[in-house]
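The values are calculated or read from the model by the stated rules, or taken from the named source; none is laboratory data. Computed from a predicted structure; not experimentally measured. Cβ placement follows ideal geometry from the backbone for every residue including glycine, while neighbour counts extend to all protein chains displayed. Each accessible area value is taken on the protein alone, full model and side chains, heavy atoms only, with ligands, DNA and RNA left out. Shrake-Rupley method; radii C 1.70, N 1.55, O 1.52, S 1.80 Å.
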Amino acid sequence: MATPPAALLLPVLGALLVPATAARAPPRNIAVVGAGLGGSAVAYFLQQHFGPQVQLDVFEPAGVGGRLATVTVNKQQYESRAASIHTLSLHMQDFVKILGLKHRREVAGKSAIFSGEHFILEETDWYLLNLFRLWWHYGISFLRLQMWVEGVMEKFMRIYKYQAHGYAFSSLEELLHSLGGDAFINMTQRSVAESLLEVGVTQRFVDDVIAAVLRSSYGQSVLVPAFAGAMSLAGAQGSTWEVEGGNKLVCSGLLKLTKANVIPARVTGVSLHSSEGRSLYQVHYEGSEGQGSAFYDMVVVTTPLHPSRSNFTFENFEPPIADFPGAFQPSVTSVVHGYLNSSYFGFPDPKLFPFASILTTDTPDLFFNAMDNICPVNISAAFRRKQPQEAAVWRVLSQRPLDKPQLKTLFRSYYSVQVTEWQTYPRYDAAKSLPPIVLHDNLFYLSGVEWVASSMEMIAVAAKNVALLAYNRWHQDLEKIDQKDLMHKVKTEL
């Protein structure tokens with residue numbers, strides 16, 4: 001082939017020398033509604049992707065940490081909610097490492113399942129004896145459960161590879177489908193009981209063990225969707241940990257790291273405006289100094305938008321942002337400092353009571369879901385768990401506040417009771433469809449992920465997804481959103 005003349009090369013050289021089109025400037029400011037784990041994690045991830053020049057305003061009317069709260073008993077702090085973190089929770093592991101936090105020292109304690117009349121399953125100090133008891137009572141149901149949970153978790157762990165490569169999902173359905181196909185979608189629409197019976201777990205095991213775990217974690221029955229159930233059961237089966245000093249330190253640490261501006265106010269709504277052909281969001285809020293508002297390029301809502309939880313309004317959106325259906329499960333935590341009434345559990349001599357954690361079956365007369373002898377968030381090397389005959393700090397989970405006769409049933413006497421009423425988890429049996437992630441161009445909803453499953457790591461995964469989605473949409477990198485066959489794409493990128 002003849003050498004092309006110099007005249008033909010000039011345009012080519014010119015094109016090579018012209019600088020590439022400048023990337024779109026990052027948002028000037030972003031509002032995050034809520035300073036719980038979702039709000040603090042998404043603020044951190046947004047800054048990671050958009051850079052430190054973006055102003056981050058985080059609105060929080062209560063304390064930073066949200067549900068990751070503590071209560072004080074005798075000058076020591078205790079987690080007010082059962083909030084253990086699974087060892088496979090990679091984002092939470094990263095947060096702890098980045099912030100220089102530590103895992104709290106584990107204090108061993110045995111568990112048991114109570115039927116209201118007697119203990120139907122008791123943990124011992126011997127692993128092989130525990131396995132033998134499970135086999136004796138339930139055959140190989142516990143092995144089938146383990147295989148089922150491990151199969152779900154193996155697919156769920158794909159999310160970390162996808163996110164490490166910058167991929168995001170514009171809906172919860174797309175996210176689930178990328179991990180486990182139609183099977184994961186179906187797991188949000190059928191009960192955990194149905195799924196486990198299908199893989200050969202016995203009805204007795206479901207009624208005794210699975211029901212007890214779900215009452216302890218979600219305060220609900222075995223009718224919760226299979227995916228939410230699998231996440232809860234993974235936490236019950238696997239190794240877990242908590243943060244030394246309290247899990248809420250992750251939230252305050254991430255916000256401090258990002259230098260986010262925490263505004264002590266409750267957001268009442270968002271209205272849409274247009275400026276120079278782009279969307280602007282006016283965030284309306286109420287604080288101790290009255291009402292106010294501010295304009296933002298982007299907004300992430302990390303608090304529930306369901307009418308039963310908030311009266312949040314959206315104005316000037318066309319089409320209007322639809323209402324969010326569904327209800328939340330009432331949950332009560334009672335932190336009691338007192339002497340356990342071991343006779344109620346069949347141990348007249350309190351010195352012989354061996355359990356630190358009591359789960360319960362789904363029995364009509366039982367007025368509590370679970371209770372555990374809890375340790376403070378700071379554990380010294382010399383710390384020891386209180387003996388059963390000593391006054392200890394117990395955390396009792398129930399669906400309604402305990403009355404005095406109920407407290408007297410559980411405790412011979414007590415020094416103090418601190419009650420926290422929550423609407424913590426979605427009522428999973430009321431879920432018809434999953435909430436959206438994208439409410440408008442640059443308006444995102446994070447906490448809808450709890451309708452898939454509610455755990456600290458699910459919220460952290462959702463925060464990373466929202467940050468990646470916001471970044472990819474802002475820069476119109478559509479190749480990184482809702483891509484199909486991601487496992488193959490990720491392998492070829494490695």
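Please go through segment 417-433 and pick out each residue that is open to solvent by 30 Å² or more (accessible area, probe 1.4 Å), more than 30 Å from Leu340 (Cβ to Cβ) and of a type outside the set (Asp, Glu).
The answer is Arg427, Ala430, Ala431, Lys432, Ser433.
Which one of these is open to solvent by less than 10 Å² (accessible area, probe 1.4 Å), over 20 Å from the mean Cα position of the chain (by Cα) and within 26 Å of Thr333 (Cα to Cα): Leu443, Leu410?
Leu410 is the lone residue from the list that is open to solvent by less than 10 Å² (accessible area, probe 1.4 Å), over 20 Å from the mean Cα position of the chain (by Cα) and within 26 Å of Thr333 (Cα to Cα).
What residue, of Arg215, Arg204, is among the basic types (Lys, Arg) and open to solvent by 30 Å² or more (accessible area, probe 1.4 Å)?
Criteria check complete, one pass: Arg204.
If you check Phe169 against the conditions, is it aromatic (Phe, Trp, Tyr), touching a residue at least 40 places away in the same chain (Cβ under 8 Å), farther than 16 Å from Met147 by Cα and open to solvent by less than 20 Å² (accessible area, probe 1.4 Å)?
yes
Within segment 239-256, how many residues turn out to be out of contact with any strand residue (DSSP E or B) (no Cβ under 9 Å at 6 or more places or on another chain) and either surrounded by fewer than 18 Cβ atoms within 10 Å (Cβ to Cβ) or farther than 20 Å from Leu46 by Cα (or both)?
Selection size over segment 239-256: 1.
In segment 340-370, what residues are open to solvent by less than 20 Å² (accessible area, probe 1.4 Å) and in a strand (DSSP E or B)?
Leu340, Phe355, Ala356, Ile358, Thr360, Ala370
Is it the case, given these coordinates, that Arg133 is open to solvent by 70 Å² or more (accessible area, probe 1.4 Å), among the charged types (D, E, K, R), free of Cβ contacts under 8 Å to residues at least 40 places away in the same chain and within 18 Å of Phe205 (Cα to Cα)?
Yes: the conditions hold for Arg133.
Does Ala236 satisfy the criteria of being more than 26 Å from Gly63 (Cβ to Cβ) and under 25 Å from the mean Cα position of the chain (by Cα)?
Yes, satisfied.
Search segment 173-201 for residues being open to solvent by 60 Å² or more (accessible area, probe 1.4 Å) and within 18 Å of Ala462 (Cα to Cα), and hand back the single one that is farthest from the chain's Cα centre (by Cα).
So, considering only residues that are open to solvent by 60 Å² or more (accessible area, probe 1.4 Å) and within 18 Å of Ala462 (Cα to Cα), the one farthest from the chain's Cα centre (by Cα) is His177.
Rundown of residues vs (1) touching a residue at least 40 places away in the same chain (Cβ under 8 Å); (2) assigned to a helix (DSSP H, G or I), yes/no style:
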| residue | (1), (2) |
| --- | --- |
| Val107 | yes, no |
| Gly116 | yes, no |
| Asp125 | no, no |
| Leu143 | no, yes |
| Gln146 | yes, yes |
| Tyr162 | yes, yes |
| His177 | no, yes |
| Phe184 | yes, yes |
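Can you name the number of the only condition in (1) part of a loop (DSSP other than H, G, I, E, B); (2) surrounded by fewer than 23 Cβ atoms within 10 Å (Cβ to Cβ); (3) within 17 Å of the chain's Cα centre (by Cα); (4) of a type outside the set (D, E, K, R) that Ser221 fails?
(3)
Restricting to segment 104-130, and then to whatever is of a type in the set (Phe, Trp, Tyr) and open to solvent by 80 Å² or more (accessible area, probe 1.4 Å), can you tell me which residue is modelled with the highest pLDDT?
Trp126
Say we look at segment 165-188 and pick out the residues that are polar (S, T, N, Q) and touching a strand residue (DSSP E or B) at 6+ places or on another chain (Cβ under 7 Å); which of these is nearest to Asp485 (Cα to Cα)?
Step by step, filter segment 165-188, then rank; the result is Ser170.
Restricting attention to segment 395-405, does a residue exist that is closer than 20 Å to Pro354 by Cα and either modelled with pLDDT under 95 or touching a Leu at 6+ places or on another chain (Cβ under 7 Å) (or both)?
Yes, there is a match, as at least one residue in segment 395-405 is closer than 20 Å to Pro354 by Cα and either modelled with pLDDT under 95 or touching a Leu at 6+ places or on another chain (Cβ under 7 Å) (or both).
Quick check on segment 76-96. Is at least one of its residues over 28 Å from Val332 (Cβ atoms), touching a His at 6+ places or on another chain (Cβ under 9 Å), modelled with pLDDT of 95 or more and outside any loop (DSSP other than H, G, I, E, B)? Explain how you work it out, then say what you get.
Step one: of segment 76-96, the residues over 28 Å from Val332 (Cβ atoms) are 87-88, 90-91, 93-96.
Next, from what is left, pick out any that are touching a His at 6+ places or on another chain (Cβ under 9 Å): 96.
Pick out the ones that are also modelled with pLDDT of 95 or more and you get 96.
Then keep just the ones that are outside any loop (DSSP other than H, G, I, E, B); that gives 96.
Looking through segment 76-96, at least one residue is over 28 Å from Val332 (Cβ atoms), touching a His at 6+ places or on another chain (Cβ under 9 Å), modelled with pLDDT of 95 or more and outside any loop (DSSP other than H, G, I, E, B).
List the residue pairs whose Cβ atoms are under 7 Å apart, where the first residue sits in segment 334-361 and is more than 22 Å from Val213 (Cβ to Cβ), the second is among the charged types (D, E, K, R), and the two are 6 or more positions apart or on different chains.
Close Cβ pairs satisfying both conditions: Tyr339/Arg412; Asn341/Arg412.
Just to be sure I understand the filter: pairs with C-beta atoms under 8 Å, separated by 6 or more residues or on different chains, first member in segment 450-479 and in contact (Cβ under 8 Å) with a residue 40 or more places away in the chain and over 21 Å from Asn29 (Cα atoms), second member acidic (Asp, Glu) and open to solvent by 10 Å² or more (accessible area, probe 1.4 Å). Which pairs pass?
Met458/Glu450; Ile459/Glu450
Please find, among Pro401, Pro405, Pro388, the residue that is open to solvent by less than 40 Å² (accessible area, probe 1.4 Å) and either not hydroxyl-bearing (Ser, Thr, Tyr) or not in a loop (DSSP other than H, G, I, E, B) (or both).
Answer to the check: Pro388.
A quick yes/no check of all residues on (1) outside any loop (DSSP other than H, G, I, E, B); (2) touching a Leu at 6+ places or on another chain (Cβ under 6 Å); (3) under 25 Å from Gly36 (Cα atoms); (4) at pLDDT 95 or above:
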{"position": "Ser271", "(1), (2), (3), (4)": "yes, no, yes, yes"}
{"position": "Tyr285", "(1), (2), (3), (4)": "yes, no, yes, yes"}
{"position": "Pro304", "(1), (2), (3), (4)": "no, no, yes, no"}
{"position": "Pro307", "(1), (2), (3), (4)": "no, no, yes, no"}
{"position": "Glu318", "(1), (2), (3), (4)": "no, no, no, no"}
{"position": "Gly326", "(1), (2), (3), (4)": "no, no, yes, no"}
{"position": "Pro330", "(1), (2), (3), (4)": "yes, no, yes, no"}
{"position": "Val335", "(1), (2), (3), (4)": "yes, no, yes, yes"}
{"position": "Gly338", "(1), (2), (3), (4)": "yes, no, no, yes"}
